[in-house]
Amino acid sequence: MNLRCDLNINGGSRRCLLVAKDEETPGHLALRLAAAVLFFDREPALEVGSSDPVIADIGFFPDLMVPDGVGGVAVWIECGNVANNKLTKVARRIKDGRLVILKESVEGGRRLREVIKSEIRNGEKIEVWAWPKEEFSKWTAAITESNYVYGEASCASLNLVLNETPFAIQLTIC
C-alpha cells in the first residue's frame, strides 16, 4: 500500500507519497504519516537511502529524517518496533541530533522506555512519543490510499482533520 498525501499543516502545504516497504504493516505506515505531519515544519526526508551522505557512516536507515543543513542529522525518526542494536548505534553516532521513536500505544512506549533505560547506553538521548491506543486505532482507520490532512501540529501535539476525521491529540512523552 502506498499513501498519496496532501498535507496542509501550520499554514503550509506539501504533497507527498509514502511508499510502503515489503515488510511494512499498515500500522507502521500510519506512524510514518503521523511523523511526516508532526515534523512537517522541519521538512523531513520521507525516504532515506544508501546514497544519502548524511547517513553514510551510520550504517542504518531511519523511517524519516530531518537533516541539520550542514551534513548531519537534526532529527532521526523511527516508527514502531526498533532493534536495540540499531538504537544503540544511532544514539551514539548522531552527535547533536535528536532520536525520536513513535509508538502505537502508551503501554508500548513505556515498555520501550524501560528497555532503553536498562539496555541502551546514551538512552537519555532517545525520545519516545506514544499515541493513546484508541486514537491511534482511529487514525489508522481514517487512512486511505489518498489522504487529505489539514490543521496544526506542534511538538507532540496534533489538532487536525485527516480525511474528514477530526483529531485533537497530545502524544505522551514516555
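The values are calculated or read from the model by the stated rules, or taken from the named source; none is laboratory data. Source: prediction; values computed, not measured. Every residue, glycine among them, receives a Cβ derived from its backbone with ideal geometry; neighbour counts consider all protein chains shown.
If you go through region 82-112 and keep only what is of a type outside the set (A, V, I, L, M, F, W, C), at pLDDT 95 or above and either assigned to a helix (DSSP H, G or I) or out of contact with any Cys (no Cβ under 8 Å at 6 or more places or on another chain) (or both), you end up with E104, S105, E107, G108, G109, R110, R111.
Number of residues in region 134-168 that are farther than 23 Å from R15 by Cβ and surrounded by 14 or more Cβ atoms within 10 Å (Cβ to Cβ): the value is 5.
A83 satisfies every condition listed in (1) of a type outside the set (D, E, K, R); (2) surrounded by fewer than 15 Cβ atoms within 10 Å (Cβ to Cβ); (3) more than 16 Å from the chain's Cα centre (by Cα); (4) over 26 Å from C5 (Cα atoms) except (3).
Within region 118-133, the set of residues being acidic (D, E) and either closer than 17 Å to P26 by Cα or surrounded by 15 or more Cβ atoms within 10 Å (Cβ to Cβ) (or both) comprises E127 only. In region 1-48, the qualifying residues are those that are in contact with a strand residue (DSSP E or B) (Cβ under 9 Å, 6 or more places away or on another chain) and β-branched (V, I, T), and the one that is nearest to K138 (Cα to Cα) is V37. Within region 86-109, the only residue that satisfies the criterion of being closer than 22 Å to F136 by Cα and either more than 17 Å from the chain's Cα centre (by Cα) or free of Cβ contacts under 8 Å to residues at least 12 places away in the same chain (or both) is E107. Given the structure, is G151 of a type outside the set (A, V, I, L, M, F, W, C), in a loop (DSSP other than H, G, I, E, B) and under 17 Å from R42 (Cα atoms)? No; evaluated as a whole, the condition is false for this residue. Residues in region 1-56 that are touching a helix residue (DSSP H, G or I) at 6+ places or on another chain (Cβ under 7 Å) and polar (S, T, N, Q): N10 only.
When K125, K138, K133 are checked against the criterion of being farther than 26 Å from G69 by Cβ, free of Cβ contacts under 8 Å to residues at least 40 places away in the same chain and touching a strand residue (DSSP E or B) at 6+ places or on another chain (Cβ under 9 Å), K138 stands alone in meeting it.
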